[in-house]
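The values are calculated or read from the model by the stated rules, or taken from the named source; none is laboratory data. Since we're looking at a predicted model, the values are computed, not measured. So basically every Cβ, Gly included, is an ideal-geometry build from the backbone, and we count neighbours across all protein chains shown. Keep in mind that these areas ignore ligands, DNA and RNA; they rest on the heavy atoms of the full protein, side chains included. Shrake-Rupley method; radii C 1.70, N 1.55, O 1.52, S 1.80 Å.
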Amino acid sequence: MDCNRCDEEAIMHAAYSGAHLCQHHFRESVEKRVRRRVRRDDLVPQDATPEDPLTWVIGLSGGKDSVVLTRILHDTFAEDPRIELVGLTIHEGIEGYRDESVEACVELADELGIRHELVSYEEEFGIRMDDVVEDDPENMAACAYCGVFRRDLLSTYAEELDADLLLTGHNLDDEAQTALMNFLEGDVAQMAKHFDASLGPLSERGEQEEFVPRAKPLRDVPEKEVALYAHVEDLPAHITECPHASEAYRGEIQQLLYDLEENHPGTRHSILSGYEELAGVVADDREDDAEGGPELRECAECGSTTTREVCRKCSLLESLA
């Protein structure tokens, strides 16, 4: 099958749009969607200047999503003195898995010439995820522990690096899954939080001075297209699933979306589009309600911003001690 835009052979077919694209036009399509999302989410403010450049910290895991995001953002802003990119990699302490992805991060950062920072659970918390999984004092899935620790380090180091924005490589599948999970669980508060934390345009989000704002410029691109982009660009991505991954509910939602997308192409786009609009309405409503959100305070143990007396990270670390 030929490409819809030229006479070259197509390397992919997007059932949701009907497009057949060659390598060149596929690459162009992915990059265009990421750059369009940067514009729509107002990630580059009009008053940004070369004299006072913005620092964008990218959560760089070495997986396909974060590697592709870093490459596209670099290619987009390499000649723009208003933006400085920093790659932040977190080593969770998973033998035979994270070491290889760290190598991919170092290789990419060297190739692009961007600053790269590496932190670890062991250095910061005195734990390794391999040990956490074995002990499991809370009887939880590994991802439940890891997510808390990872989010804490991303936020902490984004602040230490004086970041104006924290960017992560969540793709369309990731965000459609989260949207459907929040809806099926009836978690309206989480929808509003999701909008203000990372989904809404920066100009439309509620005030969150305590946190570095987040963004997900890759969220309009399906997972398989991210993987294909990494392949055709020969990027140093570590495409292997974490040996401790075990989110049963998300796995069910993932399979449900696979089936729906197969039978009704465009389902993921429709879910996320509607969810973003709904989350924005809910966020506005809760912002108007002075009693709508929980009171923020400092954690009694580490001083981080939380709604609890002791933040979730510290309570988990205490149970692991």
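Give the peptides 63-74, 5-16, 104-115 in descending order of average Cβ contacts within 10 Å, highest first.
Ranked by mean Cβ neighbours within 10 Å, highest first: 63-74, 104-115, 5-16.
Taking 0.36 nm per intervening residue step and subtracting the Cα-Cα distance, what contour gain separates Ala189 from Ala321 on full extension?
Result: 44.3 nm gained on full extension.
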(message) Using the Cα centre of the range 235-315 as the reference point, and only Cβ charges (+1 on K/R, -1 on D/E), how large is the resulting charge dipole? Debye, rounded to the nearest 20.
(response) 460
(request) Please state, rounded to one decimal and in Å, the Kirkwood hydrodynamic radius that the range 38-111 gives when every pair of distinct Cα atoms enters the mean of 1/r. (result) 13.5
(message) Give me the base-10 log of I(q)/I(0) for the chain at each q in 0.07, 0.13 Å⁻¹, Debye formula, one uniform scatterer per Cα, rounded to two decimals.
(response) -0.29, -1.09
(request) Report the paramagnetic label zone for Tyr16: residues of the range 179-217 whose backbone N is under 16 Å from a point 7 Å from Cα along the Cα-to-Cβ axis. (result) 179-181, 216-217
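What fraction, in whole percent, of alpha-carbon pairs in the range 98-187 exceed 17 Å separation?
66
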(message) Just to be sure I understand the curve: with the Debye formula and one point per C-alpha of the range 1-127, what is log10 I(q)/I(0) at q = 0.10 Å⁻¹?
(response) -0.45
(request) Could you size up the charge dipole of the chain around its Cα centre, putting +1 on the beta carbon of Lys and Arg and -1 on that of Asp and Glu, and report it in debye to the nearest 20? (result) 820
(message) Within the range 89-119, name every residue whose backbone N is under 15 Å away from a label modeled 7 Å from Cα of Glu134 along the Cβ vector.
(response) 93-96
(request) At q = 0.15, 0.17, 0.19, 0.20 Å⁻¹, work out log10 I(q)/I(0) for the range 135-198 with the Debye formula, treating every Cα as an identical point scatterer and leaving solvent out; two decimals please. (result) -0.66, -0.83, -1.00, -1.06
(request) Go ahead and set up a Gaussian network model of the chain, Cα springs under 10 Å, then flag whichever of Gln177, Gln23, Gln255 fluctuates most. (result) Gln255
(request) With a point put 7 Å past each Cα toward its Cβ, work out how far Glu277 is from Ala144 in nm, to one decimal. (result) 3.6
(message) Can you compute the FRET efficiency between Phe211 and Asp259 using 1/(1 + (r/R0)^6), with r the Cβ-Cβ distance and R0 = 41 Å? Round to the nearest 0.05.
(response) 0.70
(request) Would you give the gap between the C-alpha center of the range 37-53 and the C-alpha center of the range 222-301, rounded to a whole Å? (result) 24
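How large a share of the accessible area of the chain, in percent, is made up of carbon and sulfur atoms when the probe is 1.4 Å and the other protein chains stay in place?
Percent of accessible area from carbon and sulfur atoms in the chain: 43.
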(request) Can you pull the one-decimal nm distance between simple spin-label points at Glu204 and Ser304, each 7 Å off the Cα toward Cβ? (result) 2.9
(request) Report the paramagnetic label zone for Arg35: residues of the range 9-25 whose backbone N is under 18 Å from a point 7 Å from Cα along the Cα-to-Cβ axis. (result) 22-25
(message) Looking at the range 49-292 only, what percent of DSSP beta bridges run antiparallel? Nearest 5 please.
(response) 5
(message) Placing +1 on the Cβ of each Lys and Arg and -1 on the Cβ of each Asp and Glu in the chain, which of Val133, Val106, Met181 has its Cα farthest towards the positive end of the resulting dipole?
(response) Met181
(message) How large is the direction-averaged shadow of the alpha-carbon convex hull of the range 252-321, in nm²?
(response) 7.6
(request) Can you figure out the FRET efficiency of Ala248 with Asp75, using R₀ = 45 Å and their beta-carbon distance, to the nearest 0.05? (result) 0.75
